[in-house]
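The values are calculated or read from the model by the stated rules, or taken from the named source; none is laboratory data. Predicted, not measured: the structure shown is a model, and the values here were computed from it. For neighbour counting, all protein chains shown are included, and Cβ atoms are generated from backbone atoms with ideal geometry for every residue, glycine included. Calculation scope for accessible area: heavy atoms of the full protein, side chains included, ligands and nucleic acids excluded. Shrake-Rupley method; radii C 1.70, N 1.55, O 1.52, S 1.80 Å.
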Amino acid sequence: MHYLDDVTRLPDDFDGRVRLFPLPDLVVFPHSMQPLHIFEPRYCEMLRDSLSDDRLIAMATLTGGAASVAGDHPPIASTVCLGKIVSHAEVEDDRHNILLVGTNRARIVREVDAGRPFRIAEVDVDTDIYPPTGADMRLALKGDLLKAFGAIIPPSANVQQNLHELMAGQMGLGPITDIISYTLPFDVESKLQLLAEPDVDQRAADLIRLLKSGTVQLHSVSVEEQSEGGETAAARGKFPPPFSLN
């Protein structure tokens, strides 16, 4: 985890201004890895600006759905996830494949007109809150969360071994909630509520309720299904989810 901590640490001179990359039906979380395919000219400029500076992009979620993409200033959720570019490859016709790792949840304070073709906002960055009153119950909460997660994913020896290692490992409850929240095909509103909750114990309790609600059904993804495209496969509740082109 030390390497990831170094990669995701915000720059010392971070001033709260972020480049916004709004997409429909996508909620990125801290500790998640999101592949993106960038080709629209204004976002290619956003990418070049990011690569020449702090390599940060704030992933925002369009609240008007896919139909709002064409607008100049479509509405977005107030909670965003800061992400850092850890891999970049330029392909033909000024198209780019990048890999973004989520670093921090943040709340938009206001958008800024900086005379750029892409949107920029001032944000307040939220850090995970671990209430001291919940310290004694946190290990049990972690166990309940992983048990609820294990109950809905396709059973296999490998999956169960991974869950056992996760339970015995040192990964904190906050990162675990974020990884599960990102991975599973919950509805966008539920994901945004989880992203907006900095209280780790409350976020874990909310996630457990979602897992037990019966609204998520998963089945294993074959190699062939991985090539179908992330949006289609995720909508069908396949696990693990394939990468998406965005």
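Would you call R138 surrounded by 14 or more Cβ atoms within 10 Å (Cβ to Cβ), among the basic types (K, R) and part of a strand (DSSP E or B)?
The answer is no for R138.
Can you find even one residue in the range 150-158 that is at pLDDT 90 or above and open to solvent by less than 20 Å² (accessible area, probe 1.4 Å)? Step through it out loud before you land on a result.
If we filter the range 150-158 for residues that are at pLDDT 90 or above, which is where we start, we get none.
No, every residue in the range 150-158 fails to be at pLDDT 90 or above and open to solvent by less than 20 Å² (accessible area, probe 1.4 Å).
Given the condition modelled with pLDDT of 65 or more and assigned to a helix (DSSP H, G or I), answer yes or no: does some residue in the range 217-239 qualify?
no
Search the range 87-111 for residues being modelled with pLDDT of 95 or more and among the hydrophobic types (A, V, I, L, M, F, W, C), and hand back the single one that is nearest to M171 (Cα to Cα).
Per the stated criteria, the residue is V101.
So, L192, is that one at pLDDT below 90, surrounded by 13 or more Cβ atoms within 10 Å (Cβ to Cβ) and either acidic (D, E) or assigned to a helix (DSSP H, G or I) (or both) or not?
Taking the combined requirement at face value, the residue does not satisfy it.
What's the number of the only condition in (1) open to solvent by 40 Å² or more (accessible area, probe 1.4 Å); (2) at pLDDT below 90 that D128 fails to meet?
(2)
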